[in-house]
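None of the figures in this text is laboratory data; all of them are computed from the coordinates on show. All of these numbers come straight from a predicted model, not from anything done at the bench. Note that we place each Cβ from the backbone using ideal geometry, even for glycine, and neighbour counts take in every protein chain shown.
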Amino acid sequence: MEQTLSIIKPDAMERNLEGKIKSILKKNNFEIVKEKKVKLEKKDVEEFYKVHETKPFYNDLCNYLSSGPVLVMVLKKENAIAENRKIMGATNPKEADPGTIRKEFGISIDKNSVHGSDSKENAKKEINFFFKD
Ligand code: UDP
Ligand code: MG
């Protein structure tokens, strides 16, 4: 069984989509093994998204992710990393497949409702970033 890190971003939390997104995860047989609601400091987001530090959207992304509460979850399933990316949909909600979380709920390429780890290495790092035990 594989684990991945999922975050419900501020735009979705603001619209009270937490329950709807969790029910999509559960319907797709993900087990939510850990979860916590947190309000991140900008410096935390800067560290979390360090891979993107040279990108033009980095500063806005860090401001946005620290603008309100988020729900951080560890999801467990066979092939969880790829399976979660599949149900999330493309980064830009406009390009996401019908039925995906980002197509259903995403507002724009930046306010795209959810984060999901993209590799085994990053899943491990990201889970450890939020749940050090
Ligand atoms: N992002 C953005 N503008 C872009 C590309 C990405 O604001 O042109 C934001 C968006 O919120 C995205 C996050 O930066 O989810 C991380 O980008 P990445 O390319 O890793 O996309 P993801 O893995 O989230 O699909
Ligand atoms: Mg990414």
Using a 10 angstrom Cβ neighbour count of at most 16 plus a DSSP loop assignment to flag exposed GluC sites (Glu not before Pro), which longest range of the chain is free of such sites?
79-133
Go through region 1-102 and name the chymotrypsin sites (Phe, Trp or Tyr not before Pro) that are in a DSSP coil and have 13 or fewer other Cβ atoms within 10 Å of their Cβ.
Phe57
Report relative contact order for the chain in percent, whole number only (criteria: Cα-Cα under 8 Å, sequence separation at least 6).
37
Which one of Asp110, Asp118, Asp60 has the biggest mean-square fluctuation once the chain is modelled by GNM with Cα springs under 10 Å?
Asp60
Using amide H atoms built in the peptide plane, which far-off residues or other-chain residues are under 5 Å from Asp118 H to H?
Ala123
